[in-house]
Structure formats: structure tokens, C-alpha cells
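The values are calculated or read from the model by the stated rules, or taken from the named source; none is laboratory data. Computed from a predicted model, the values in this text were never measured in an experiment. Note: ideal-geometry Cβ built from the backbone for every residue, glycine included; neighbour counts use all protein chains shown. Surface areas here come from the heavy atoms of the whole protein model, side chains and all, with no ligands, DNA or RNA. Shrake-Rupley method; radii C 1.70, N 1.55, O 1.52, S 1.80 Å.
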Amino acid sequence: MDIRVGNGFDVHAITAGDGVMICGLKIPCGFSLQGHSDADVGLHAITDAILGALCREDIGHHFPPSDPRWKGADSAQFLRHAAELARLEGFNISHVDVTVIGEAPKISPHRSLMRTRIDEILAIGQDRVSVKATTTEKLGFTGRGEGLAALATATLIKQN
């Protein structure tokens, strides 16, 4: 078996607004995230984790922010692209795990729907999708409410 593990990390600055996209869901709150696409830190981190496991550069290489086609784009298409690359190379995505890092919004009320949405995109089974959250105890840029971050891991398996 060929087993690969990839990591992904993403950050977006907080700006004025009425909600954020996280892990494929719009969560109402008192701010938005700045980004060229929909700024979904969760899906971006998972996308980079899959691309990393494949040794296929990063999300910015595949979807450059300088390209106007991706302005406001739904990050689900980025994740679908990474999953398709994995499948084309003969890999099954065995598991993804994402941790959202920030003081707000609270993730726990949305966790189940986030897991469902990620599974809808990847088609790997909700029992293979983990969504967690943590604060930084008011430390650093996330603690000061300047941005949100996400860290993800993806496990890919190819039967030889």
C-alpha cells in the first residue's frame, strides 16, 4: 500500500460583514473574511492537505488569486479538484481532519452540518471527516480577532 499524509494551513483576515464561510457552510456572525474566493479557511486547509499528500504544490498554484476567474469562487470547487487529482492518481481519501482556529464564531453548533458538507464534496463517508475548533486563549492575531485560521490533515491510500 502507498499511504500518504498531507497537511494544510490557511488564514484569512477578518473584515466587516455578516457571516463567514467555514467548511462549506455560511455561518452568520458580526464579520466576514477577506479573500479572493469565498475565503473558506476550512476547505482551503483541507484542499492543501490533499494537494500536499499528492506532492502537487498548493491551492495558490492551482487557483491563483491573481486570476479573476476565482474572484468570489465557492471553495468547494477547489476541494473537488484536489479530490479528483487524488482519484486520478489512484488514491482514495481515507480521512480528513480540520481544526478551525479563532475566538468566534463558535463551531460546535455547526460541526455536524460541516462534516456532512465536506462528505458531500469528497464522498468519503461522514465517519471519515473530523471537524474541530480551538481558540488561542486571546493570544496572537486570532485571539485579537484579526483573522481566522485552519489546520488540516488528509490521509490518502493507494492499493498497489
Fill in the blank from the handout: The answer for VAL20, listing residues at least 5 apart or on another chain whose modeled amide H is closer than 5 Å to its amide H, is ILE27, CYS29
Exercise for the section: Could you work out which residue, out of ARG117, ARG69, ARG128, moves most in a Gaussian network model of the chain, that is, has the largest mean-square fluctuation with Cα springs under 10 Å? Expected result: ARG69
Exercise for the section: Calculate one ³J(HN,Hα) per residue across region 148-160 by plugging θ = phi - 60° into the Karplus curve 6.51 cos²θ - 1.76 cosθ + 1.60, and present them in order as whole Hz with x for glycine and proline. Expected result: 10, 9, 8, 10, 9, 10, 10, 10, 10, 10, 10, 7, 8
Practice task
Could you pull out every one of the lysines with an alpha carbon less than 27 Å from that of LYS26, ignoring same-chain neighbours closer than 8 positions?
Solution key: LYS71, LYS106, LYS132, LYS138
Exercise for the section: May I ask you to rank LYS26, LYS158 by accessible area, largest first, using a 1.4 Å probe over the protein chains only? Expected result: LYS26, LYS158
Handout entry: Karplus 3J(HN,Hα) series, Hz, for region 37-45 with 6.51 cos²θ - 1.76 cosθ + 1.60 (x for Gly, Pro)
Key = 8, 7, 6, 7, 4, x, 5, 5, 5
Fill in the blank from the handout: So HIS81 and GLN159, fully extended at 0.36 nm per residue minus their Cα-Cα distance, gain in nm 25.9 nm
Problem - Antiparallel DSSP beta bridges within the chain, percent to nearest 5 - result: 80
Practice task
Can you grab the distance from the C-alpha centre of region 1-41 to the C-alpha centre of region 57-88, Å, no decimals?
Solution key: 13
Practice task
Specify which residue in the list THR99, CYS55, GLN34 is farthest towards the positive end of the charge dipole of region 23-102, using unit charges on the beta carbon of Lys, Arg (+1) and Asp, Glu (-1), about the Cα centre.
Solution key: GLN34
Practice task
Rounded to the nearest 500, what is the 222 nm mean residue ellipticity of the chain from helices alone, with -39500 (n - 2.57) per DSSP H run of 4+ residues and division by all residues?
Solution key: -8500 deg cm²/dmol
Practice task
List, in order, the whole-Hz ³J(HN,Hα) value for each residue of region 95-104 obtained from phi through the Karplus relation with A = 6.51, B = -1.76, C = 1.60 and θ = phi - 60°; use x for Gly and Pro.
Solution key: 5, 10, 9, 10, 10, 8, 10, x, 7, 8
Problem - Residue-normalised accessible area of the chain, expressed per residue, 1.4 Å probe, Å² - result: 48
Practice task
Quick one: angle between helix 76-88 and the longest Cα principal axis of the chain, in degrees between 0 and 90, rounded to 10, please.
Solution key: 20
Handout entry: On Cα atoms only, tilt of 111-122 relative to the major axis of the chain in degrees
Key = 40
